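Asker: One structure, as structure tokens, below. Some questions next.
Rule-based calculations on the coordinates, nothing more; no lab input. Just so we're clear, the structure is a prediction, and the values are computed from it rather than from any experiment. A quick note on method: Cβ atoms are made from the backbone with ideal geometry, for glycine too, and the neighbour counts reach across all protein chains shown.
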Amino acid sequence: MPIPVSSDILSMLHNPKIRRFFGVVTLCVAAIATLLALGFVGVSFATDNWKHISVNRNKLEKIVKEQNNTKLDDEFVQDYRYFDRVEGIFRVCFPMAEKPARINDDIYLSPVVQEWCSNIDYEMILNHGFLPDKLTSNGKVWINLARATIASFIVYFALMGVACVVGLAGCWGMSSGKLRATSVLTAFAFIFATSGMGLFHATNFYERNMVMDERLEFFQTWSDMLQECTTYNLGWSYIMAWFGIILTLIAATLYGSSGMAIKYSMSEIAMGDHEEVVNRAFENSVQPGEYFENTLRRHGSMANGMQLHSVMHPSLCPPGVTCIPPYTSMNEEHDQNSFHKVKQQPIFFDAHL
């Protein structure tokens, strides 16, 4: 059952000043959502808790002791795949007490997260040509997906930066056009961020199921016992990224709504002010009680001394008043027989019926 709305509420909503107020409030909420979105996505992009990888070391230790293999014993102590870890876009970190042994300083204390980390080997990807040599097709696909993931988020931050500048200019000047441009830029940033999340999932899928290259040391190249003792989960950095992306979409919608509300409210306010000026000119230019017959309102001269013209049929014009038939130019002679003819000429009139 619809909720009845009183006429006072409807009239309040149609008030242009109330609309402008709601437009300003919406703009403030959009600005807050933009800052929160940048904060969430920025923190998630910089941190390393996108994936939580848990390894059952107790079970692995029993298996390693039973096999009595020296190489396997060294891997159990030194290889990072045998330890609990969190993985981000750029680094692999070891927040637990057990950490792999440091070999050639490949593990360092990260100043960002204050944990022992190791960089994901993007130097091999970037410093040896566009693609490494002797790599399978799935390995090449994984490399391109990883690059595209990083590029998508970089474009997101670039678009959000431009949107913030344009939005600040729109807020300062209350420009509906700049606010709508901000909405479009934020919407494109949302598209690139969503694409980055999709590419992250595609990269993870290829890493765990498709790539068989020994040099990349992905899941399918591990021993059976290591695969059985390893579990993957999504981390809080991944969840925070989605929160920021959703806030980006909300900000884009609010920027567009605010721009449209301010545009219509300002046009309505300007129209109301114009009508008030014209009505005051009528009141000041016509003596009280002075009306013309066969017209819908009284006539007189404007405050600037120009003759006030009325839009009506010439046969109804009172003496001394110039009447402009609809769709007729002031530069042409008025033909009463062509009153209903539409001409492609500009129309100018100083008063409304």
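Asker: Of F40, F243, how do they rank once you tally other Cβ atoms within 10 Å and put the fewest first?
Answerer: Lowest to highest Cβ neighbour count: F243, F40.
Asker: Something else: Cross-link list K51/K140; K51/K178; K71/K99: which exceed 28 angstrom alpha carbon to alpha carbon?
Answerer: K51/K178
Asker: Where Lys and Arg each count +1 and Asp and Glu each count -1, what net charge lies around N144 among other residues with Cβ under 15 Å from its Cβ?
Answerer: Every neighbour counted, the sum reads 0.
Asker: Another question, then. For the stretch 18-267, report the convex hull volume of the alpha-carbon atoms normalised per residue, in Å³, without decimals.
Answerer: Per residue, the Cα convex hull of the stretch 18-267 comes to 142 Å³.
Asker: Among T70, T136, which comes first, then next, by fewest other beta-carbon atoms within 10 Å?
Answerer: Ascending Cβ contact count within 10 Å gives the list T70, T136.
Asker: May I pose another question? If we count other beta carbons within 10 Å of each Cβ, what is the order of F45, F219, fewest first?
Answerer: By the 10 Å Cβ count, ascending, the order reads F219, F45.
Asker: Taking each pair of different alpha-carbon atoms in the stretch 138-261 once, compute 1/r for the pair, average those values, and report the inverse of that mean as the Kirkwood hydrodynamic radius in Å to one decimal.
Answerer: Hydrodynamic radius (Kirkwood, Cα pairs) of the stretch 138-261 is 16.6 Å.
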